[in-house]
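Worksheet for the structure shown next.
Values in this text are rule-based calculations from the coordinates and carry no lab data. Fair warning: this is a prediction, and the values are worked out from it, not measured in the lab. Cβ atoms come from the backbone with ideal geometry, glycine included; neighbour counts cover every protein chain shown.
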Amino acid sequence: MGATDKSLPSYCDNLQSDISTAINENPKAFVHSREWNKIMNGDPVQINPALGQGFKIMTVNEWSAAWKRNNDFPDCLSCGGKHTVEHHFSQTWTRGKKKWESEALCMDCHMFSWREYCDPDFLAPEEYEKAKWDKTITAYADKVAAEEALMP
Ligand SMILES: [Zn+2]
């Protein structure tokens, strides 16, 4: 996050719970996991369509060249180095509550550092809609019950 957009809430500001972490030899995120296996086996992987076409046997460095370090979480959880690149990041916000996950590959030890976080009272958008709907139904049932109670 740049110093210029301090007005926007960031996924890593004001955390109210612990970040869960994991260290893995293979990516925990599904994205890139098949390619990682191929890289480890020395099998060809698809060339980044922006750079060319077809398949090629690549080194880890070559394959991950487009990935950038996440400077909010630069540390490798395995070796403590900062020579990492993030290959997976996602965040979900519902009414100011957040949930996110991030996974970085260490270019020194080739281990994957996983981090995930969820606000204690976070509801996924569909859960929030359901909770709102349930509340509406309950409110309606209460209203009907109250009206019935007033009937002679
Ligand atoms: Zn490392």
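Below, the figures for the structure above:
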item: Loop sites in the stretch 19-91: chymotrypsin sites (Phe, Trp or Tyr not before Pro), DSSP, at most 11 other Cβ within 10 Å; result: Phe30
item: Within-14-Å neighbourhood charge of Leu150 [Cβ basis; K, R +1; D, E -1]; result: -2
item: Cα-centred dipole magnitude for the stretch 20-121, charges only on beta-carbon of K, R (+1) and D, E (-1), debye, nearest 20; result: 240 debye
item: Dipole axis of the stretch 20-121 (+1 Lys, Arg; -1 Asp, Glu on Cβ), positive-most option in Ser64, Thr94, Ser113; result: Thr94
item: Counted charge near Ile137, where neighbours are those whose Cβ lies closer than 11 Å (Asp, Glu -1; Lys, Arg +1); result: +2
item: Cα-only radius of gyration and Dmax that characterise the chain, units Å; result: 22.8, 83
item: Formal net charge of residues neighbouring Val45 (Cβ-Cβ distance under 14 Å; K, R +1; D, E -1); result: 0
item: The chain: most fluctuating residue of Leu15, Leu51, Leu77 per GNM, C-alpha cutoff 10 Å; result: Leu51
item: Positive-end residue of Pro74, Pro49, Trp133, charge dipole of the chain with Cβ unit charges; result: Pro49
item: Choice from Asn70, Asn26, Asn14 showing the highest fluctuation, given a GNM over the chain with Cα pairs closer than 10 Å; result: Asn14
item: For the stretch 51-68, Karplus couplings with θ = phi - 60° (6.51, -1.76, 1.60), whole Hz, Gly/Pro x; result: 9, x, 9, x, 10, 7, 7, 10, 7, 4, 4, 5, 5, 9, 4, 7, 7, 10
item: Out-of-range pairs (alpha-carbon distance over 29 Å; input Lys28/Lys132; Lys97/Lys135; Lys97/Lys143; Lys56/Lys99; Lys38/Lys97); result: Lys28/Lys132; Lys97/Lys143; Lys56/Lys99; Lys38/Lys97
item: Sorted by Cβ neighbour density within 10 Å, fewest at the top, the residues Arg34, Arg69; result: Arg34, Arg69
item: Cα-Cα pairs of the stretch 11-54 separated by more than 16 Å (percent); result: 60 percent
